[in-house]
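The values are calculated or read from the model by the stated rules, or taken from the named source; none is laboratory data. The structure displayed is predicted, hence computed values, not measured ones. Cβ placement follows ideal geometry from the backbone for every residue including glycine, while neighbour counts extend to all protein chains displayed.
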Amino acid sequence: MIRALIAIAFLCMGTGTATAQDPRVTAELESDSTIVGQPLLLRISILVPTWMPEPPVFPAVELPSLLVRQPERASGPISENIDGETWSGVRRSYRLYPLAGGSFTLPPGDVTLTYANPETNAPVTFAALLPELTFAATIPDGASSLDPLIIASSFELQQQLDGDTGLTVGGAATRTITAKITGTSPIMIPRLTAAPDGESLRAYPKDPQIEEKEDRGLLSGTRAETTTYVAQNEGVDTLPGLSLDWFNIETGQLETATVPAVEMSIRGAVSGEGEKAKAWYLSKSLWWVLGLGAVIALAIRVFSARAGLWIAALHTRVIQAEWYASHKVVKTISRRDLTAVSTALSEWKNHYPGAPEQSFSALIDGMASIGKARFGVQTEEADANWRALRFEFSTTRRRLRRDIHRARHSPQLHHLNPTWSNNSSRSQNAMNRLQTSEH
């Protein structure tokens, strides 16, 4: 590294000629080149023959593709013997980190200071103009093919999956990919997360979290990307893996950091044990409709085997009824349990096998809005989303029941709706189940 004094400039305010007693302002780069992402030290020094009653004003140092940081002790006092006299002053340091290869030129900048006149001690304002400073940012030969350009002393990738790789429709899992880098700024790290390979999962990414640290000019840090995936349909999806090549400045070699892909399987909604228990307690309440509790208890004791079969059959009819399925949808919406709502809607839709898929589009859109608010970026789940979903469910159910009723009592109108016509036998079975459950 070649240490060079780049410029010394003087300019007196109110006069056009510099004198021997004028302050001295210098700008110095420790070298005329550095590697992309590695620091280059810039020092601006001010010396006056007396003292400065006020802190000097330094110019702003900034350029595109140039990261500028000040060390922990960026400014400090200095002194120097000039013509047999001791001059004092201050020095400010900057660390410059080029983020791309090429030539960088810092434009001229003004340094303004106030110092005491050597003869009268009266405050004098002085301004110095610093000239252009130029340096080059180079790319090592072995790293010229990298895209993105990652040059560091260490780099690694990690991933964490919160949730199972096997989900039911409506379930969710969260994946976090973290990149750790040492020897340069983490802003050099590119995007880490790609979209899933398939249509069974919907991704809700959060804003990347970037943390940077500095230790005696050595930058390091992390970039973390978190994405929540919600299961939409049955099938298999793959969360893509990641492979990034990077140049190790300590070994002078190319290395590769990777994270493996994650395969996610999504199965249809199934009722949990909790829902079965609720169905059982609900079916027990029907006993009050059939007679007095004492008579039923006596019948169970005398005819226990037959009563057990009858109870099991009644329980089966209850949990298979359309009205019970719709009741579960309403209850899960009231609890604002997104996963349970998706499961309940899937079971309820099975009671309308002949209905066209577009009949449920409003419900699908409502679920998507709630999912986006819950898992999306800087959004807030609104009460209106849940009220809208409850209204759309009631509207959709009334419309489907009305369509089945019309299809049953007006066979001559089947030709007006090909979908219902092609599934007339299914619609008839659905209507029979509705009427049976209502009785």
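Within region 16-98, which strands (runs of 3 or more DSSP E) (wholly inside it) include 2 or more residues that are hydroxyl-bearing (Ser, Thr, Tyr)?
Fully inside region 16-98 and qualifying: 33-35, 75-82, 85-98.
Among the residues of region 374-409, count how many are modelled with pLDDT under 80, under 27 Å from the mean Cα position of the chain (by Cα) and either surrounded by 13 or more Cβ atoms within 10 Å (Cβ to Cβ) or under 19 Å from Ala325 (Cα atoms) (or both).
Residues that pass the stated criteria total 4.
Would you point out the residue of region 1-56, among those that are modelled with pLDDT of 80 or more and of a type in the set (Gly, Ala, Ser), that is surrounded by the fewest Cβ atoms within 10 Å (Cβ to Cβ)?
Restricting to residues being modelled with pLDDT of 80 or more and of a type in the set (Gly, Ala, Ser), the top hit is Ser31.
Only one of these is hydroxyl-bearing (Ser, Thr, Tyr) and under 30 Å from Ala261 (Cβ atoms): Ser88, Ser103, Ser93, Ser153. Name it.
Being hydroxyl-bearing (Ser, Thr, Tyr) and under 30 Å from Ala261 (Cβ atoms) holds for just one of Ser88, Ser103, Ser93, Ser153, which is Ser153.
Which residue is nearest to the chain's Cα centre (by Cα), if the candidates are limited to region 198-209 and must be assigned to a strand (DSSP E or B) and surrounded by 15 or more Cβ atoms within 10 Å (Cβ to Cβ)?
Across region 198-209, the extreme among qualifying residues is Pro205.
What about Ala179, is it part of a strand (DSSP E or B), modelled with pLDDT of 95 or more, touching a Ser or Thr at 6+ places or on another chain (Cβ under 7 Å) and within 30 Å of Val57 (Cβ to Cβ)?
Spelling it out, it is not the case that Ala179 is part of a strand (DSSP E or B), modelled with pLDDT of 95 or more, touching a Ser or Thr at 6+ places or on another chain (Cβ under 7 Å) and within 30 Å of Val57 (Cβ to Cβ).
Given Ala116, Ala127, Ala100, Ala122, which one is aliphatic (A, V, I, L, M) and either free of Cβ contacts under 8 Å to residues at least 40 places away in the same chain or in contact with a Gly (Cβ under 7 Å, 6 or more places away or on another chain) (or both)?
Only one candidate qualifies: Ala122.
Can you tell me which residues in region 165-174 are of a type outside the set (A, V, I, L, M, F, W, C) and surrounded by fewer than 22 Cβ atoms within 10 Å (Cβ to Cβ)?
Answer for region 165-174, where residues must be of a type outside the set (A, V, I, L, M, F, W, C) and surrounded by fewer than 22 Cβ atoms within 10 Å (Cβ to Cβ): Thr165, Gly166, Thr168, Gly171, Thr174.
If you check every pair at least six apart or on different chains, which have Cβ atoms under 8 Å apart with a residue in region 343-361 that is under 21 Å from Ile266 (Cα atoms) and in the same structural domain as Lys331 (by TED's automatic domain parsing) first and a residue that is crowded, with 22+ Cβ neighbours inside 10 Å and β-branched (Val, Ile, Thr) second?
Here the result reads Ala344/Val329; Leu345/Val329; Trp348/Val329, each pair linking region 343-361 to a residue that is crowded, with 22+ Cβ neighbours inside 10 Å and β-branched (Val, Ile, Thr).
Failed condition for Gly268, given (1) of a type in the set (Gly, Ala, Ser); (2) at pLDDT 95 or above; (3) touching an Asp or Glu at 6+ places or on another chain (Cβ under 7 Å), with all others met?
(2)
Out of the residues in region 214-251 that are of a type in the set (Val, Ile, Thr) and not in a loop (DSSP other than H, G, I, E, B), which is nearest to Gly37 (Cα to Cα)?
Thr222
Which one of Asp162, Asp147 is closer than 24 Å to Leu219 by Cβ, among the charged types (D, E, K, R) and assigned by TED's automatic domain parsing to the domain that holds Ser185?
Asp147
Of the residues in region 76-107, how many are closer than 28 Å to Asp22 by Cβ and surrounded by 15 or more Cβ atoms within 10 Å (Cβ to Cβ)?
9
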